[in-house]
Amino acid sequence: MVLTACSEDTSSTYSYDANLISMIVADNANLSLLNVANKRTGAYELLLEKGPYTLLAPSDAAFSLAGYTASADVNTIGLSKLTKIMSYHVLDGVYDLNKLPFIFNQEIHAHDGGKLFVTRWIKGQDTIITVNGATVKPTLKKATNGNLQVIDHLLEPYLFDYLNDALSNESDLTLFYQAIHRTKFQQLLSQPGTYTIYAPDNAAMVAYGLSSLQLINEKSVDELEELVSYHIVPDRRFVYDYILTTTGTQTSETMLNGDNVSVILLKDQTTSGSYTGIAIQGIRNTSRSNLTRENMLAGNGVLHIIDQVLLN
């Protein structure tokens, strides 16, 4: 069955089985917003079928982090968009993510064909699993027609196969995109590969002194390539990847030009000893660059938006 947008009518001809994935979701108070979303789309009917399927189930807290705190909020999402989001959380087949190898960003595919990246790693005494940087809760729920695992963020299906296109789509990155456009890195980011970009927003570029397209066009290509290359990591990096691999509160990352930036873990103010994010600092920066948006996936990497230009 192909998951397609459907009307609010979720009546089914299936025999009642309380252990089907859709029934488990409906019976779990912590997944009430997911149940609303599924019932607005073909996901509800799909997850009553024989399958088997694995559902990455965003908790109510995950929906709230994305700005959807109540059923009414979920009902305001365009049906086509919501259908794509829900389909992206369904995997064909039975996956037990707890049994994957201890490797970073293992590629799997959603029901709609989109790429997802699963990391399984040991941090201290705990085994941590993430999908696109979202943490997977340790309990696996087995269903008649597959498995269900709860995640702490709503996953956004990526819209672009290439980071160059993802950058061009962001209205707050027009200045940095123009800088990339004048360098060889536009072609690099428009082809298969694996990259992470820390892209300074327009306000950061203005503060740096590149406040217009004219000023950027007046810069030499060599200067722009040095600037851009210090904002690209030649690998895929979600925020939680750094939290998993860092001993202490700070580590470094090697950028495309060979220079390092400092990666500072940000403490969780509610839970002692845990971290909720990162900040980035270039060699010559006097203060940290904050991530204003993070973990924006494209087919060939990840985009983060930062509030300062990195200086090497």
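FYI, it's all coordinate maths here, none of it is from the lab. As the structure is a computational prediction, the values presented were derived from the model and not from experiment. Glycine also receives a Cβ, built like all others from the backbone with ideal geometry; neighbour counts cover every protein chain displayed.
Some observations on this one:
- Magnitude of the charge dipole for the chain, about its Cα centre and with charges confined to Cβ atoms of Lys, Arg (+1) and Asp, Glu (-1), is about 480 debye.
- Against the chain, whose longest principal axis is taken from its Cα atoms, helix 79-88 shows a tilt of about 90°.
- Debye intensity ratio I(q)/I(0), log10, the chain, q values 0.14, 0.15 Å⁻¹ (C-alpha model): -1.08, -1.19
- Label point distance in nm, TYR208-ASN19, each placed 7 Å from Cα along Cα→Cβ: 5.7 nm
- Gaussian network model of the chain, Cα within-10 Å springs - most flexible of ALA57, ALA72, ALA143: ALA72
- Measuring r between the beta carbons of GLN187 and THR270 and using R0 = 41 Å, the FRET efficiency lands at 0.40.
- Here the calculated FRET efficiency for SER64 and SER252, from their Cβ-Cβ distance with R0 = 30 Å, stands at 0.35, rounded to the nearest 0.05.
- Dividing the mean sequence gap of close Cα pairs (under 8 Å, 6+ apart) by how many residues the stretch 163-306 holds gives a relative contact order of 26 percent.
- 27 Å Cα-Cα threshold exceeded, pairs from LYS50/LYS84; LYS39/LYS115; LYS50/LYS115; LYS84/LYS142; LYS39/LYS123: LYS39/LYS123
- Counted over the chain, the DSSP beta bridges are approximately 75% antiparallel.
- Simple spin-label estimate for GLU49 and ASP126 in nanometres, 7 Å along Cα-Cβ: 3.6 nm
- Between the residues PHE238, SER274, HIS304, the greatest Cα displacement towards the positive end of the dipole of the stretch 223-312, with unit charges on the Cβ of Lys, Arg, Asp and Glu, is found for SER274.
- Rounded to the nearest 20, the size of the Cβ-charge dipole of the stretch 21-151 about its Cα centre is 120 debye, with Lys and Arg at +1 and Asp and Glu at -1.
- Which of THR183, ILE264, SER171, positive extreme of dipole for the stretch 167-312 (C-beta unit charges): ILE264
- Only the Cβ atoms of Lys and Arg (+1) and of Asp and Glu (-1) were treated as charged; on that basis the dipole of the stretch 253-312 about its Cα centre amounts to roughly 100 debye.
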